[in-house]
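Only the coordinates and a few stated rules stand behind these numbers; no lab work does. Everything numeric here is computed off the predicted structure, so don't read it as measured data. Don't worry about glycine lacking a Cβ; one is built from the backbone with ideal geometry, like all the others, and counts go over all protein chains shown.
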Protein chains: 2
Amino acid sequence: MLDQRHARRGDATEDLGKAEATRQSILAAAARVFRADGYAGARLSDIAAKVGMKAGSLYYHFDSREALVEAVMDLGLKQTHETVAKRLRALPPDVGHVRRLEVAIEAHLELVLAHEDISSATIKLIWQVPAQIRERQLADQRAYGALWRKLLTDARKAGAIRGDVDLSVVRMAIMGALNWAADWYKPGRMTPRQIARDIAAMVLGGLAGEPKNKRK
Amino acid sequence: MLDQRHARRGDATEDLGKAEATRQSILAAAARVFRADGYAGARLSDIAAKVGMKAGSLYYHFDSREALVEAVMDLGLKQTHETVAKRLRALPPDVGHVRRLEVAIEAHLELVLAHEDISSATIKLIWQVPAQIRERQLADQRAYGALWRKLLTDARKAGAIRGDVDLSVVRMAIMGALNWAADWYKPGRMTPRQIARDIAAMVLGGLAGEPKNKRK
DNA sequence: TTGATTTTCTAATCCAAATTAGATTATGAA
DNA sequence: TTCATAATCTAATTTGGATTAGAAAATCAA
């Protein structure tokens, strides 16, 4: 479909052909608009304008508004999953379970708070989007959920985390604490990393009592 | 506007006059529909049907779709705030700070998970609704936020919670963990109270290490 | 250049709901 | 009963965007 005979040099990120390139920028623009205005409030014309085209032209790249939002979410989920997984893989193999959780929390949160990022749009959209799209999306999220489930069950097996709480609840509570940040965070006072540390400290160490390791 | 000469007996809950009574049932129906279908997906005709009337008739009670959703949210926020505050007030004055936090967490979560409740609709709607409504709503939430802020700062002053985390972050993380539950919770496996206990255990005691008080 | 193909634009058309106007029915006081 | 007002209904009308069809413009291999 795309004739690429001509495009055979440069790195993988650059070399996508024109259609694919605009497709990407449409996705980026859509993510921003959907994120800012919500699924209901986002207009195709807004998205198109951000890319410098007219609403109708979007249909050359996407079949419909719904197809577009679904593409955004697919990409966002994949990005989140891959980024977190990569950060975990990059850890030395002897790193403790609690530290691994801490790293996962930081990685996820940084994606959530990344300005104009597709990951955060995805998170916000999941409960706004038509039910049918949501079903598919939630199904896809299982794989990412599994990553976290494993993180937690491994930690428990090793005795690194307490045994008296339901791990599904814990997992969702962590997701909630992190994802909610997409909504209230305003850049300035604190960096994503600082926020991640505080949330990790609370989740892992608990609020009650004195800190295990006094920070700073 | 409402002639109540005739309605001068019975308790306060019963005696609202017809208009006010249907207004209430419209709000309840709207909460359910908005909660289930999202702001974008909810149709006035669905809401009207649930009350047993036609879409047009809603306009006798509310100026517009937006006015309706805003009324739902106002009521939901007020309900949440009042319920949590009441539960805290009901506590003996010598109850410790950590326990007070625990109670607030339980109360909030039970509202969030209450089936067909206006509180939970409000929480879900906040990020779906048009920006202008959201602004007003977030402003109103400050009062409720202040309740939590006080809970946390009092606890810290008393040395009941660790001193090395930002309390705003903590507060929002707790809200996130609790509010997110509105989305994933399915009645059946666990009760809202059990979930609340696990989240409170994590937030207050931390995941790492053994539980302070082994449960059950 | 040229023609084929890809990409975008313009200008309808479509459509699902929100909204409104006026008619109709309920209700309760006299 | 009767009247006035409250509450609802019916049946348009409006509206804001999504979607589409066909006309331009851009791109590029030859």
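Of note:
- Among residues of the range A:164-203, those that are farther than 16 Å from B:R171 by Cα and within 7 Å of another protein chain (Cβ to nearest Cβ), counted: 6
- Only residues that are in contact with a helix residue (DSSP H, G or I) (Cβ under 8 Å, 6 or more places away or on another chain) and of a type in the set (A, V, I, L, M) were counted across the range B:128-145, and they come to 4.
- The range B:47-62 - residue that is outside any helix (DSSP H, G or I) and farther than 23 Å from B:K124 by Cβ and, of those, nearest to DNA strand C (Cβ to nearest atom): B:K54
- Close pairs (9 angstrom Cβ cut-off, 6 or more residues apart or separate chains): closer than 16 Å to B:E20 by Cβ in the range B:52-81, part of a loop (DSSP other than H, G, I, E, B) and within 15 Å of DNA strand D (Cβ to nearest atom) anywhere: B:L68/B:H61; B:L68/B:F62; B:A71/B:F62
- Residue count for the range A:67-90, restricted to those that are hydroxyl-bearing (S, T, Y) and crowded, with 19+ Cβ neighbours inside 10 Å: 1
- As a summary of the residue check, A:A67 satisfies the conditions (1) within 16 Å of DNA strand D (Cβ to nearest atom); (2) assigned to a helix (DSSP H, G or I); (3) touching a Gly at 6+ places or on another chain (Cβ under 9 Å) except for the one numbered (3).
- Qualifying residue in the range B:136-154 (condition: basic (K, R) and more than 27 Å from B:L91 (Cα to Cα)): yes
- Of residues in the range B:16-39 being within 14 Å of another protein chain (Cβ to nearest Cβ) and surrounded by fewer than 16 Cβ atoms within 10 Å (Cβ to Cβ), the one farthest from DNA strand C (Cβ to nearest atom): B:A36
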